[in-house]
Amino acid sequence: MQVYPITTFPWRAFVGVTALTIALPLIVIAVVLAFSHALPNWLVILATASAIGLLLSINAGLTALALYVATRNEVTIRNGTMHLKGGEFHERVPLDSVVRAEVVDLGSRPDLARAKRRNGITLPGFRVGWFQTTDTRWLFVLRAAQQRLLYVETNIDFSVLLGVQAPEELALRLLDKPHDA
């Protein structure tokens with residue numbers, strides 16, 4: 001069994017989600033407390049602050065869960081199959097179905113760069129799930145902010161676009177015909 005990890009800690013997504021789910025409610029709480037003298041009832045202020053505090057704790061938990069899921073990504077080769085795990089998306093590609101595996105620069109492949117999300121997650125610096133290319137080919141994408149990606153063309157119903165740390169090594173492994181037993 002060989003494991004090819006995908007470093008997908010989405011820092012830009014983390015900062016954006018943190019700003020929206022934590023900083024914004026804190027600012028609202030601060031503003032409400034700053035203008036508490038203008039509000040008619042302290043109970044309204046207490047209820048508002050408590051509700052926002054509850055929302056803040058829920059959002060912090062959901063943010064941690066989302067980052068946990070978003071960072072559990074890897075490509076594993078075992079028993080003649082490439083197992084793709086990206087968050088809640090899982091796919092298997094039989095190694096016998098691999099037609100071509102090449103390292104591509106996303107800037108030189110507009111068909112891949114402009115793939116439309118059909119069932120997946122797109123965050124700043126992170127993509128996982130099902131996309132469709134401009135020529136209507138289905139594409140399973142698992143990548144972070146990398147520009148150099150591994151494009152795997154198969155003879156089944158979809159291709160794969162991976163942002164692994166060592167794309168050349170995985171490409172050679174996929175094209176090597178004696179597969180793991």
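The values are calculated or read from the model by the stated rules, or taken from the named source; none is laboratory data. This structure is a prediction, so every number in the text was calculated from the model and none was measured. All Cβ positions, even for glycine, are placed from backbone atoms using ideal geometry, and neighbour counts span all protein chains on display. Areas reflect the complete protein model, heavy atoms only, side chains present, ligands, DNA and RNA absent. Shrake-Rupley method; radii C 1.70, N 1.55, O 1.52, S 1.80 Å.
Here are a few things to note about the model shown:
- Candidates Tyr4, Tyr68: the one that is at pLDDT below 75, open to solvent by 70 Å² or more (accessible area, probe 1.4 Å) and hydroxyl-bearing (Ser, Thr, Tyr) is Tyr68.
- Of the residues making up region 146-181, those that are open to solvent by less than 60 Å² (accessible area, probe 1.4 Å) and of a type in the set (Gly, Ala, Ser) are Ser159, Gly163, Ala166, Ala171.
- Pairs, first more than 17 Å from Glu153 (Cα to Cα) in region 108-127, second open to solvent by 60 Å² or more (accessible area, probe 1.4 Å) and at pLDDT 90 or above, C-beta under 9 Å, six or more apart: Arg118/Trp138; Arg127/Arg117
- Segments classed as strands (runs of 3 or more DSSP E), wholly inside region 49-163, with at least 2 members that are farther than 15 Å from Tyr4 by Cα: 89-94, 98-105, 116-123, 126-132, 138-143, 148-154, 158-162
- Region 98-136, subset surrounded by 11 or more Cβ atoms within 10 Å (Cβ to Cβ) and polar (S, T, N, Q), residue farthest from Ala66 (Cα to Cα): Thr134
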